[in-house]
1. Karplus couplings for the range 155-169 from phi (6.51 cos²θ - 1.76 cosθ + 1.60, θ = phi - 60°), rounded to Hz, Gly and Pro as x?
2. Averaged per residue, what accessible area in Å² does the range 138-253 show with a 1.4 Å probe, protein chains only?
3. How much length is gained on full extension from ALA230 to ALA37, taking 0.36 nm per residue of separation minus their Cα-Cα distance?
4. Of all chymotrypsin sites (Phe, Trp or Tyr not before Pro) in the range 156-238, which ones are in loop regions per DSSP and have a Cβ with at most 16 other Cβ atoms within 10 Å?
Amino acid sequence: MDIKEIENQTGVIEKFLAQLPEKVFHLGIRVVLAALAFLIGVQVIKLVRHVLKKALNRGRVDDSAVSFLDSFIKFGMYFVLVLTIASSLGVDAASILAILGSASVAIGLAVQGSLSNLTGGVLLLILHPFAPGDYIKDEAGNEGTVDSIDVFYTHLITPDHKSIVLPNGNLANGTITNFTKCPTRRLDISVGISYKDDIRAAKEVLEQLLRNDPSTLKDEDIRVFVDELAESSVVLNLRCWTLQSDFWETKWRLTEAAKYALDEAGISIPYPQLDVHMG
């Protein structure tokens, strides 16, 4: 390498160092403006979501649809915001989209569970098997009151206030029991009486109990019948209908009242007994 080449390289370095403060200054300004744009964008997204929620609620759109659309729009707007800021910093948006497009297969395989949950969320929104406030149970045995339906997950609150997060894909492809879909619910209570007692008298006492209870629906079927001849007792079934909101209170009250009513009528509720004969 001769002296002339060394001088040229030295000149390039000196020129770069001379321009470095100005470049750092301009880059700093762009970074600050990008950060400011991000903060403003976050506030705009919050405002758009708030306005959208109010408009959907005013239009009496279902709560589950509102929650799902809110989550979907939130993710979409944040993606556009980040892409826009990256473009302002000199990153080629077309290149980013091209890279994402070429990597779509790999990304799809990596996040196929999330895509399944997203698809499941859309199906739940369209088919509407349950809504926030419904009490449901899935085929895995998870049960609780639906708190919200997001893009990927459904959130349940159990009666003892535990939170259960269920993937939408599993819910959409599995069996769901919705206990609160209908306004009324059938109530069945099993009571055993002794084989020595009068079945007709016991049925009359229990039928009267059902008809006098304020929460049983009198225009629906009210019936007491022999359900099983068990080893130690004749099992009677008390069947009536009640409102969903009154179901558990009515069940607990009638179960206790059945014991008192049978006691007053002199009808016993036996417990399992075993006779042992010694040879």
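The values are calculated or read from the model by the stated rules, or taken from the named source; none is laboratory data. In this text, all values refer to a predicted model and were calculated from it rather than measured experimentally. Cβ placement follows ideal geometry from the backbone for every residue including glycine, while neighbour counts extend to all protein chains displayed. Side chains included, ligands, DNA and RNA excluded: accessible areas come from the protein's heavy atoms. Shrake-Rupley method; radii C 1.70, N 1.55, O 1.52, S 1.80 Å.
1. 9, 10, 10, 6, x, 9, 6, 9, 9, 10, 10, 10, x, 4, x
2. Per-residue value: 58 Å².
3. Roughly 62.0 nm would be gained on extension.
4. Taking the range 156-238 and a limit of 16 other Cβ atoms within 10 Å, the loop chymotrypsin sites (Phe, Trp or Tyr not before Pro) found are PHE179, TYR195.
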